[in-house]
Amino acid sequence: MSEELARSLPQIPDTTALVMTHSSKPNGRFKATKLLQKHAEIREFPAIPPWKPELMGDRVREVAQELGLRLTRDCGEFLVEAVGSNTRQLYNELEKLRLFASSSDQLISLETAAMLVNTSTQNSLQLASAIRQGDVGKALELVADLLGRNEPALKISATLVGQFRTWLWVRLMLDGGERDNRAIATAAGIGNPNRIYFLQKEIAHLSQAKLLQTLPLLLELESSLKLGKDELATLQTQVIRLCRLCA
């Protein structure tokens with residue numbers, strides 16, 4: 001492979017964009033990686049965890065600036081909800097908004113984005129929210145919808161784990177007497193300290209004990225999925241148990 005790359009890369013026009021998908025960061029010690037670094041400008045687009053909306057917001061603003069688009073704040077927040085961490089879809093949707101805009105100075109509003117952007121109303125974070133509220137009916141509906149759209153069950157599980165761990169960290173810090181949002185954000189791995197205000201409201205009715213009890217259930221969910229058990233039945237069972245715990 002390295003020999004083929006060595007022959008081919010110098011012949012590729014400078015205007016060519018090569019898109020490569022990899023489950024992990026390419027090893028810089030490999031000869032193939034060094035050849036790519038020598039002959040190309042490499043840009044990485046790592047997947048953003050769905051439980052880190054502040055990073056998704058940064059991505060939206062970065063791509064919008066790249067395309068010369070001006071977005072209102074609520075428009076940016078809507079795109080985070082609509083697109084999530086799907087960078088390819090984000091480019092597609094923003095390109096659509098760019099073509100719609102009458103000029104580069106036009107400020108794209110939430111109303112315009114809502115009219116044009118393809119959005120899924122269901123995502124794993126909404127499932128976590130339904131569980132937190134103890135809403136069994138909505139949570140089961142979300143599970144069915146997510147699996148119906150071929151959302152990987154393990155990805156759903158990972159999102160739930162990440163979100164409940166975040167809520168638990170915030171609760172632990174608050175119960176420990178910490179009131180500095182920056183300190184809480186640092187401990188919880190949250191990039192934007194302003195999110196702490198909203199997270200506090202979300203967990204106002206959840207005690208530390210209840211949040212701690214969610215972790216074994218989430219671990220059991222992940223373990224069962226990795227053992228190949230029926231995805232729908234496994235998710236439904238654990239989601240019901242989590243909802244009852246949080247109610």
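The values are calculated or read from the model by the stated rules, or taken from the named source; none is laboratory data. For clarity, every value in this text was computed on a predicted model and none was experimentally measured. So basically every Cβ, Gly included, is an ideal-geometry build from the backbone, and we count neighbours across all protein chains shown.
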Yes/no for T234 being touching a helix residue (DSSP H, G or I) at 6+ places or on another chain (Cβ under 9 Å), closer than 18 Å to R132 by Cα, at pLDDT 95 or above and not small (G, A, S)
no
May I ask you to verify whether S224 is under 18 Å from the mean Cα position of the chain (by Cα) and either within 18 Å of S129 (Cβ to Cβ) or part of a helix (DSSP H, G or I) (or both)?
no
Which one of these is within 22 Å of the chain's Cα centre (by Cα) and not hydroxyl-bearing (S, T, Y): L174, L211?
L211
Elements of type helices (runs of 4 or more DSSP H) in the stretch 89-197, at least 1 residues being at pLDDT below 95, touching an Asp or Glu at 6+ places or on another chain (Cβ under 6 Å) and buried (at least 16 other Cβ atoms within 10 Å of the Cβ)
110-116, 153-175, 181-188
The residue from D175, D145 that alone is acidic (D, E) and under 17 Å from G84 (Cα atoms) is D145
